[in-house]
Amino acid sequence: MRGRHKGRDERGAALLEFTIGALVFLTAIFAVLEFGRLLWTHNALADAARRGARYAVNQDKSAASITAAQKMAVYGSTGDGPNQKPRVMNLTTANVKVNHSSDYNVGEGSVSVTIEGYEFKFVVPIIGKTIKMPTYRTTLTGENAGKIPPPVS
């Protein structure tokens, strides 16, 4: 008689084991996906600072050139179109600072492009937090400072 009731006592064990296993598996999958997004964002912000600095080093120190360098860092272009989307979600030109050294000129001085204050937002609702990313800075030596060289004779 005892052997007949053994299966009845263990009916919910398989469901409980599956639930625990699925919880661990899905938690690991979401952690890997979120970490991957975080690493992609880190690389994209570093690249945005480099892109802005490469643009700014070939321009003068005017306000229009600084604004264009900020747009280059955020959007990858200097245009003003309604379809422009930031290359990194939630990155704005307010996060990008462009600083020229006092001696900035052809072949001397430097330009620094800094991205600061960016907050990475997790997608998984359970975490629901943000991480403040570090400051990304790229500094390059002035190349042509926006000046057209005289013709070679």
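The values are calculated or read from the model by the stated rules, or taken from the named source; none is laboratory data. These numbers were taken from a predicted model, which means no experiment stands behind them. Glycine gets a Cβ as well: all are built from the backbone with ideal geometry, and neighbour counts include every protein chain shown. Ligands, DNA and RNA are excluded from the accessible area calculation, which covers all protein heavy atoms including side chains. Shrake-Rupley method; radii C 1.70, N 1.55, O 1.52, S 1.80 Å.
Based on what the data block shows, is residue 95 closer than 19 Å to residue 135 by Cα, at pLDDT 95 or above, open to solvent by 80 Å² or more (accessible area, probe 1.4 Å) and out of contact with any Cys (no Cβ under 8 Å at 6 or more places or on another chain)?
Details: closer than 19 Å to residue 135 by Cα: yes; at pLDDT 95 or above: yes; open to solvent by 80 Å² or more (accessible area, probe 1.4 Å): no; out of contact with any Cys (no Cβ under 8 Å at 6 or more places or on another chain): yes.
Here the answer is no, as residue 95 does not meet what is asked.
Just give me the residues in region 58-91 being open to solvent by 60 Å² or more (accessible area, probe 1.4 Å) and of a type outside the set (Gly, Ala, Ser), in sequence order. Full working, then the answer.
Taking region 58-91 as the starting set, the residues that turn out to be open to solvent by 60 Å² or more (accessible area, probe 1.4 Å) are 60-61, 63-64, 67, 75, 80, 82-83, 85, 87, 89-90.
The answer is 60, 61, 67, 75, 80, 82, 83, 85, 87, 89, 90.
Looking at region 89-99, can you tell me whether even one residue there is part of a loop (DSSP other than H, G, I, E, B), farther than 14 Å from residue 139 by Cα and polar (S, T, N, Q)?
Restricting attention to region 89-99, the residues satisfying the condition of being part of a loop (DSSP other than H, G, I, E, B) are 89-92.
Filter again for farther than 14 Å from residue 139 by Cα, leaving 89-92.
So of that shortlist, the ones also polar (S, T, N, Q) come out as 90, 92.
Taking every residue of region 89-99 in turn, at least one turns out to be part of a loop (DSSP other than H, G, I, E, B), farther than 14 Å from residue 139 by Cα and polar (S, T, N, Q).
Among the residues of region 134-148, which ones are open to solvent by 100 Å² or more (accessible area, probe 1.4 Å) and either touching a Leu at 6+ places or on another chain (Cβ under 9 Å) or not in a strand (DSSP E or B) (or both)? Before you say what the answer is, go through the steps one by one.
As a first pass, look at region 134-148 and keep what is open to solvent by 100 Å² or more (accessible area, probe 1.4 Å): 137, 143, 147-148.
The answer is 143, 147, 148.
Looking at residue 64, is it out of contact with any helix residue (DSSP H, G or I) (no Cβ under 8 Å at 6 or more places or on another chain), in a helix (DSSP H, G or I), of a type outside the set (D, E, K, R) and closer than 25 Å to residue 149 by Cβ? Outline the logic, then answer.
Numbers: out of contact with any helix residue (DSSP H, G or I) (no Cβ under 8 Å at 6 or more places or on another chain): yes; in a helix (DSSP H, G or I): yes; of a type outside the set (D, E, K, R): yes; closer than 25 Å to residue 149 by Cβ: yes.
Yes; evaluated as a whole, the condition is true for this residue.
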